[in-house]
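Each remark here refers to the structure printed beneath this line.
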Amino acid sequence: MLKLDSRTIALLSVLACNCCFVGCTGTIAGDWVFREVKRVRSPGGQFEAVILTGDGGATTREATLVRILRTGEKIGTGRPPDSEVVLWASDVKNLVVLWKLPRLVDIHFDEASIDLFKNHEDIPRSQDKWDVIEARLCPTSPDFSLPERDR
């Protein structure tokens, strides 16, 4: 019979619990599902800022995403790659997306916990040409823009 010391038993117990709660994939979240909330067209109408909300199940907070696409481009309901997201945030209050110029978009918000932000999106135009859209974060508060629970 195999004899185990108390440290080995404790380690095996932790690993067993981890597999039960987390699963072998290493994440508690399920599949992310998003819904389109709004599209805001750029001046000239060539691009759209698309606002999405969604979550990965009961263990995740609702996320708000902003993506920049060519006008009319279809998007799926699954989690997009981070490279296709300009903003990924949670606990967002009063999000407003405003185009300042055909290739410059401002993202206004009162509060947000921002997990990912890119200040540009490169959209392919042809095989070797790109349209670059600049994105700017514009918190509306002169003080804190983090939600109170994150301060």
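The values are calculated or read from the model by the stated rules, or taken from the named source; none is laboratory data. Source: prediction; values computed, not measured. In this analysis, Cβ positions are derived from the backbone assuming ideal geometry, glycine residues included, and neighbour counts consider all displayed protein chains.
Among the criteria (1) farther than 30 Å from R151 by Cβ; (2) touching a residue at least 12 places away in the same chain (Cβ under 8 Å); (3) surrounded by fewer than 16 Cβ atoms within 10 Å (Cβ to Cβ), the one P81 does not fulfil is (2). For residues that are over 16 Å from H108 (Cβ atoms) and hydrophobic (A, V, I, L, M, F, W, C), scanning just region 51-64, find the one that is surrounded by the most Cβ atoms within 10 Å (Cβ to Cβ). Out of the qualifying residues, it is A63. Return a yes/no flag: does region 52-70 have any residue that is modelled with pLDDT of 95 or more, over 14 Å from the mean Cα position of the chain (by Cα) and under 25 Å from S145 (Cβ atoms). Scanning region 52-70, I find no residue that is modelled with pLDDT of 95 or more, over 14 Å from the mean Cα position of the chain (by Cα) and under 25 Å from S145 (Cβ atoms), so the answer is no.
Per this entry, R35 is not counted among residues that are at pLDDT 95 or above, over 17 Å from the mean Cα position of the chain (by Cα) and among the charged types (D, E, K, R). Based on what the data block shows, is R125 among the basic types (K, R) and under 18 Å from V66 (Cα atoms)? So R125 fails the test. If you go through region 126-149 and pick out every residue that is surrounded by 12 or more Cβ atoms within 10 Å (Cβ to Cβ) and of a type in the set (D, E, K, R), you end up with 3. With respect to being under 26 Å from R125 (Cβ atoms), touching a residue at least 40 places away in the same chain (Cβ under 8 Å) and in a loop (DSSP other than H, G, I, E, B), G72 falls outside the description.
Scanning region 102-132 for residues that are within 18 Å of the chain's Cα centre (by Cα), in a strand (DSSP E or B) and over 19 Å from D82 (Cα atoms) turns up D106, H108, F109, E111.
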